[in-house]
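Below is one structure. I have some questions about it.
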């Protein structure tokens, strides 16, 4: 097998079970889209749970939403949208064989991802300190690092409507699972950056950059829905039927 | 379409545009396109933040989801290249969205109308948890406390 892999017709990056670069490219993209469909179905369970509970407890969801930091949420949305732009531009420069540009755009994407996580850390920290925690932890102010109870700290939770803990359960699970996707994405981008620097990619073979960007755009897609659904709930006064 | 002039940039410039040469012929978007899409996404983000301050009542969620879906469509079509991709990849996305719709519709239909079932069928149904399924007694016999053991 190894004798033929370096021939013109079958370059090193072309797996032996594919006839042509095009066939390998199409198969890889198809596989990635099937994975992304699975990701959407996976997240849809959380979004359906959100719909059910928001339908049941509209006041609690409005009150919980108003405890979130809108400027931070909006800033993170902008950062993530920008990272999608840089990911798309990384694919573009890789398609054109511009190796250094590709590294730059991948680096910018990773930087945006890190900024997103830092902002998320500060948001989580504020919620922990105010006792705005999921499920049975709700109402007990805690220090995020040591997870010790913060004695004497005022709990905002006690002034909020009943069932607001449900909103924060969904908030932490949904943004938490999203953040895990960001962390995984940083890992994959670092690997792709290493491969790009090593010279693995060319105008004939840029598939890994393309599929990684597809994954990254999906992480952006999920946040596009999470941001308004978590941060931007309008207050509905009790008894007021919109 | 053979007479259409090739005004699109393609990767792999070194070869003639022979679609059957087995090479990857991915469409290369322009900087202008990508940056325009980015600013459109920013515009819709600002729009959704602005509209959230308008009291729309129950339409708040619907409007937020519609704007988010416009943004999502921009990302899928432009950034994720569905516009120039094999159509089958779009079909996979549409299939996923369809089944999410079924999942959503059936679940919300159940959980939203539990008390309405109550009035129509005479069944006693707990609003939040649905502890008593439809079909239970309208006036259930109160459960007698177990008689104290007689000594």
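Taken together, the values in this text are just the output of simple stated rules run on the coordinates, not laboratory data. This one's a predicted model, so the numbers in the text were calculated from it and none came from an experiment. When we count neighbours, we look across all protein chains shown, and the Cβ atoms used for this are built from the backbone with ideal geometry, even at glycine.
Based on alpha-carbon centroids, what's the gap between the stretch A:131-190 and the stretch A:199-221 in Å, whole number please?
33 Å
Take the alpha carbon atoms of the stretch A:45-103, find their center, do the same for the stretch B:29-45, and report the distance between the two centers in whole angstrom.
After rounding, the separation between the Cα centres reads 16 Å.
Does chain A come out rounded, prolate or oblate, given a ≥ b ≥ c as the square roots of the eigenvalues of its C-alpha gyration tensor, rounded meaning a/c under 1.5 and, failing that, prolate meaning a/b above b/c?
prolate
In addition: Under 8 Å for C-alpha pairs, at least 6 residues apart: give me the relative contact order for chain A, rounded to a whole percent. Intermediate values should be presented prior to the final figure.
On the way: 265 pairs, mean separation 68.1, N = 242.
Taking the mean separation of contacting Cα pairs over the length of chain A, I get 28 percent.
Angle check, please: helix A:70-95 long axis (alpha carbons) against the longest principal axis of chain A (alpha carbons), in degrees 0 to 90, nearest 10.
10 degrees
Please give, to one decimal in nm, the separation of the simple spin-label points placed at residue A:23 and residue A:184, each 7 Å out from Cα toward the Cβ.
3.0 nm
Quick one: among A:108, A:213, A:27, which has the greatest mean-square fluctuation in a GNM of chain A with alpha-carbon springs under 10 angstrom?
In this elastic network of chain A, the residue with the biggest mean-square fluctuation among A:108, A:213, A:27 is A:27.
Quick one: length gained pulling residue A:41 to residue A:145 fully straight, 0.36 nm per residue minus the C-alpha distance?
Stretched fully, the residue A:41-residue A:145 segment lengthens by 34.1 nm.
If the chain between residue A:194 and residue A:16 were fully stretched, how many nm would it gain, using 0.36 nm times the residue separation less the Cα-Cα distance? Don't skip to the answer; put the middle values down first.
Numbers: separation 178, 0.36 × 178 = 64.08 nm, distance 2.39 nm.
Value of the extension gain: 61.7 nm.
Highest GNM mean-square fluctuation, chain A, Cα pairs closer than 10 Å: which of A:212, A:20, A:102?
Greatest mean-square fluctuation among the candidates belongs to A:20.
Another one. What does the convex hull of the alpha-carbon atoms of the stretch B:25-85 project to on average, in nm²?
4.2 nm²
To the nearest 10 degrees, how steeply does helix A:99-129 sit against the main Cα axis of chain A, on a 0 to 90 scale?
20 degrees
Still on this structure: Across peptide A:223-234, how many C-beta atoms of other chains are within 10 Å of each residue C-beta, on average?
Per residue, the number of nearby Cβ atoms from other chains is 6 on average.
For a test of the definition: using alpha carbon positions, the gyration tensor, and the 1.5 limit on a/c, classify the stretch A:34-106 as rounded, prolate or oblate.
Oblate is the answer for the stretch A:34-106, as a/c is 1.5 or above yet b/c matches or exceeds a/b.
Do the sum for chain A: with -39,500 (n - 2.57) for every DSSP H run of n ≥ 4, divided by all residues, what is the mean residue ellipticity at 222 nm, to the nearest 500 deg cm²/dmol?
Value at 222 nm, helices only, nearest 500: -24000 deg cm²/dmol.
Kindly rank A:52-62, A:129-139 from highest to lowest mean number of other beta carbons found within 10 Å of each residue.
Most protected by this proxy first, the peptides run A:52-62, A:129-139.
Compute the long axis of helix A:164-198 from its Cα atoms, compare it with the longest principal axis of the Cα atoms of chain A, and write down the angle in degrees, 0 to 90, nearest 10.
20 degrees
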